[in-house]
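Q: Next up is a structure, given as structure tokens.
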Amino acid sequence: MFPELNSILNSTPDSFKSSDFILVSDRRADASFLIHHYLSFYLRAGCKVCFLGLVQSFSHYSAVSQRLGVSLAQAREKGQLVFLEGLKDSVGVLLQEDTSQETQPLSYVRSPGAGLEGLFRFVECSMRQSGDGDAGESWGPPVLLIDDLSVLLSLGVSVGAILDFTLYCQATMCSELQGNMVILVRCEEEDADDVDEEGSNLLQRGLVHQCNLALHVEGLPTGYCRDIHGQMEVWWRQRGENIYNQRKIFHFKVHDKGASFFARGTSSAVL
Amino acid sequence: MAAPVSGMAGSTSTGNATSFQKKPRRKLVSIPGTRPSVQNGQLLVSSGVSSLDYVIGGGLAVGTLLLVEEDRYDSYSHMLLRYFLAEGVVCGHELFLASARDHPDEIVQELPSPIVDDVAGMKISEGQSQPSDPENPDTMKIAWRYQNQPRVQTPDQSSVSQNSCRNVKGVDPTGPLNEDERQAVSLRRSPLPVPYHALLKSIQTVIRKEGFDGSTPQSKVRNVLRLGLHSLGSVLWGDDVCCKDNPAHCHALTTFLYALRGLLRTSLSVAMVTVPSHLIQNRAVMGRIIRLSDTAIALESFRGSEKETNPLYKDYHGLLHVRQLPRLNCLSCEVPDTKDLAFKLKRKQFTIEVLIITDGEQ
């Protein structure tokens, strides 16, 4: 959890908006540090978290969260965290050794054309079990975190299927269960002359219209800099009946134990 | 003077003996050829080229994938692959090599031999020749200034290939698949084309059989498996991502890399994959391939381009672009000082330096 980001977004683990769909995207940069922020944020808030780890192993998130002050192993044991080990389990599914029921969520690896229904059932099932805590412990509103959604495009799933999946998830998580959703999408360069029909840009544009808050991370437009790792654009979109449509750009620098955000031009390296 | 610590075995002080007792050293299992990183404690292996290790943050982390975008004629990327494998031979790691173009045995025969940094050895030999007759014409006296320089050896075929043939598993996808494999794959309609599927399957089999994923008991000494996969994505692998604008198998290579990274994360192995990126027309696919690997570099050689005769680049043979550096088990990653790097090959030594453009001399 990054305190500076909390103050920018005006939310703390004790008071945050529910039924929120937050889209984190990047272009030629790495926005995964924001996913680590949200993971530790919601675990501290006492929410039940369903994390789809499609690109890194559990130990990676666990090691980072340790530095941010949250123990993932403990959370998983208590039942607060449901972690889908997408990367490691997909090998077995791809080589068709595991056809058991447990690998149903990863069925898109074996047959990418069939869509993401198995994955959605997994999410729905783990979120509806929120009353099943340890010794009757009840958690806060459910949260779905996905890291990252655009890797499904690399596996051959179509943009339409992914958008259907997010729509189903939003209907269940945000509208029905009053929970939150945070999704990471990684985009490529905008090719001016190349209309990308099946691309991550299309996916990102589709998702941006569904979301309430969009955080977009990019490199600095002036080039590479060692002290400022990039810029983050915060776009407050609609919230219920109100349409804010407010955008702000911040510069950031990622450290070992967090990230610092500052207004443009106020980096400590410059001042 | 420290107060004697009671309760420790044998700590009764006798005269000068200190009361501090050295803790019995815990048995640390260390794998040969690896060292922990200073930044985040990751286990690192060398890529074979020390300046490349420096550029990518100390070395290759075990369990990660290094992607090398080939230069136009695949000369320097092939060399990097051979250095990677030769480093594995020297460290005693197991090697797995797959190539569609050259037979793996041929590649193994041509591995460069290590530069022997045998200063101590040389001093002894010098010392021994002193007592003998100094005017003995047979003992060649090396000029004193160069006495302590390491000798650079020319590739010595026999010693390297002897060592390596023992533990190299070569895979040649053009070789005949046995009939059951072929039938089994076609029946189940894998999303991967046959050569990639077979390659992934054989890598998984090697990892399991030799116990790199920890499945076999501790009797065997733990070792690292180095995977060298040459020119993935080229037509020879049955993939058409390099030759068509809208390939039929546009997800084959990306799915393979995704699964390969999953395999690497669960075992003590490290992989170097070279991809002929200059042939891939679709930039989006190249972006995905880079993001699916951990460390990604690209080589751009000057040979055959107008930069070859450009006086600014006369000291170098090409440019090295670092496309991506991994964030492993931590938030931040290695942030390089500069992104302008160039490489050169001088007397069989491949070095990477910061590109310095000097004013044109007269």
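Q: To the nearest Å, what is the center-to-center distance of segment B:242-266 and segment B:296-362, using C-alpha atoms only?
A: Each part reduced to its Cα centre gives a spacing of 27 Å.
Q: How would you order A:168-177, B:308-317 from highest to lowest mean count of nearby Cβ atoms within 10 Å? If you can, show how the numbers build up before the last one.
A: Details: A:168-177: 17.8, B:308-317: 14.0.
Going from most to least packed, we get A:168-177, B:308-317.
Q: Ok, one more. Is segment B:220-293 rounded, prolate or oblate when judged by the Cα gyration tensor, a ≥ b ≥ c being the square roots of its eigenvalues, rounded requiring a/c under 1.5 and prolate requiring a/b larger than b/c? Don't skip to the answer; put the middle values down first.
A: On the way: a/c = 2.72, a/b = 2.23, b/c = 1.22.
The shape class here is prolate.
Q: Can I ask one more? Using only atoms on other chains, find how many Cβ atoms lie within 10 Å of each Cβ of peptide A:144-156 and report the average. All intermediate terms of the calculation are to be shown ahead of the outcome.
A: Numbers: counts 0, 0, 0, 0, 1, 0, 2, 5, 0, 4, 13, 8, 7.
Mean partner shielding for this stretch: 3.
Q: Take the alpha carbon gyration tensor of segment B:55-101, find the square roots of its eigenvalues, order them as a ≥ b ≥ c, and report rounded if a/c is under 1.5; if not, report prolate when a/b exceeds b/c, else oblate. Present the calculation step by step, with values, prior to reporting the outcome.
A: Numbers: a/c = 1.80, a/b = 1.25, b/c = 1.44.
Oblate is the answer for segment B:55-101, as a/c is 1.5 or above yet b/c matches or exceeds a/b.
Q: While we're looking at this one, here's another question. To the nearest 500 deg cm²/dmol, what mean residue ellipticity at 222 nm is calculated for chain A from DSSP H runs of n ≥ 4 alone, each contributing -39,500 (n - 2.57), summed and divided by the residues? Write down the numbers at each step before the final one.
A: Working: 10 runs with 89 residues, N = 271.
That calculation yields -9000 deg cm²/dmol at 222 nm.
Q: Further, regarding this structure: When ranked by the protection proxy of mean other Cβ atoms within 10 Å per residue, highest first, what sequence do the peptides B:64-70, B:102-108 form?
A: On the way: B:64-70: 23.6, B:102-108: 16.9.
My ranking of the peptides, most packed first, is B:64-70, B:102-108.
Q: Let me ask something else. Using the Cα gyration tensor of segment A:138-240, with a ≥ b ≥ c the square roots of its eigenvalues, what is the shape: rounded (a/c below 1.5), prolate (a/b larger than b/c) or oblate (neither)? It would help to have the intermediate numbers written out before the result.
A: On the way: a/c = 2.08, a/b = 1.34, b/c = 1.56.
Taking the square roots of the gyration eigenvalues as a ≥ b ≥ c, segment A:138-240 is oblate.
Q: Excluding A:PHE261 itself, what net charge comes from residues whose Cβ is under 10 Å from its Cβ, given Lys and Arg +1 and Asp and Glu -1? Mind showing how you got there, number by number?
A: Working: positive: A:LYS253; negative: A:GLU4.
Taking every Cβ under 10 Å from that of A:PHE261, the sum is 0.
Q: Taking the Cβ of A:ILE35 as the centre, find all other residues whose Cβ is under 12 Å away and add up their charges (Lys, Arg: +1; Asp, Glu: -1).
A: On the way: positive: A:ARG186, B:ARG327; negative: A:ASP26, A:ASP30, A:ASP147, A:ASP148.
Summing Lys and Arg as +1 and Asp and Glu as -1 gives -2.
Q: Here is a further query. Please give me the summed charge of the neighbours of B:LYS344: other residues whose Cβ is under 9 Å from its Cβ, Lys and Arg +1, Asp and Glu -1. Could the numbers behind the result be given before it?
A: Numbers: positive: B:LYS346; negative: B:ASP315, B:GLU353.
In short, -1.
Q: Where the only charges are on Cβ atoms (+1 Lys, Arg; -1 Asp, Glu), what is the dipole of segment A:226-271 about its Cα centre, to the nearest 20 debye? Don't skip to the answer; put the middle values down first.
A: On the way: 8 positive and 4 negative charges, 9 e Å.
Approximately 40 debye in magnitude.
Q: Under the Karplus relation 6.51 cos²θ - 1.76 cosθ + 1.60, θ = phi - 60°, what is the ordered set of whole-Hz ³J(HN,Hα) values for segment B:242-249, x standing for Gly and Pro?
A: The phi angles translate into 8, 10, 10, 6, 10, x, 6, 9 Hz.
Q: Ranked highest first by the average count of other Cβ atoms within 10 Å around their residues, in what order do B:35-43, B:235-243 fall? Provide the component values of the computation, followed by the final result.
A: On the way: B:35-43: 15.1, B:235-243: 19.4.
The packing order, highest mean first, is B:235-243, B:35-43.
Q: Now for a separate question. Too long at a 29 Å Cα-Cα cut-off: which of A:LYS253/B:LYS344; B:LYS244/B:LYS314; A:LYS78/B:LYS201; B:LYS314/B:LYS348? List each step's numbers first, then the result.
A: On the way: A:LYS253/B:LYS344 34 Å; B:LYS244/B:LYS314 36 Å; A:LYS78/B:LYS201 36 Å; B:LYS314/B:LYS348 18 Å.
Table pairs above 29 Å Cα-Cα are A:LYS253/B:LYS344; B:LYS244/B:LYS314; A:LYS78/B:LYS201.
Q: Still on this structure, I have one more. What residue among A:ILE35, A:SER107, A:GLN66 has its Cα farthest toward the positive end of the dipole of chain A, where the charges are +1 on Lys, Arg and -1 on Asp, Glu, each on the Cβ?
A: Farthest along the dipole direction, towards plus: A:GLN66.
Q: How high is the relative contact order of segment B:33-110, in percent, counting Cα pairs under 8 Å that sit 6 or more residues apart? Provide the component values of the computation, followed by the final result.
A: Values: 69 pairs, mean separation 18.7, N = 78.
Relative contact order comes out at 24 percent.
Q: Quote the relative contact order of chain A in percent (integer), defining contacts as alpha-carbon pairs under 8 Å separated by 6+ residues.
A: Working: 489 pairs, mean separation 66.5, N = 271.
That works out to 25 percent.
Any read-out appearing in this document is the output of simple, stated calculations on the displayed coordinates, not a laboratory observation. Only a predicted model underlies this, so the values are computations on that prediction, with no experimental measurement involved. Don't worry about glycine lacking a Cβ; one is built from the backbone with ideal geometry, like all the others, and counts go over all protein chains shown.
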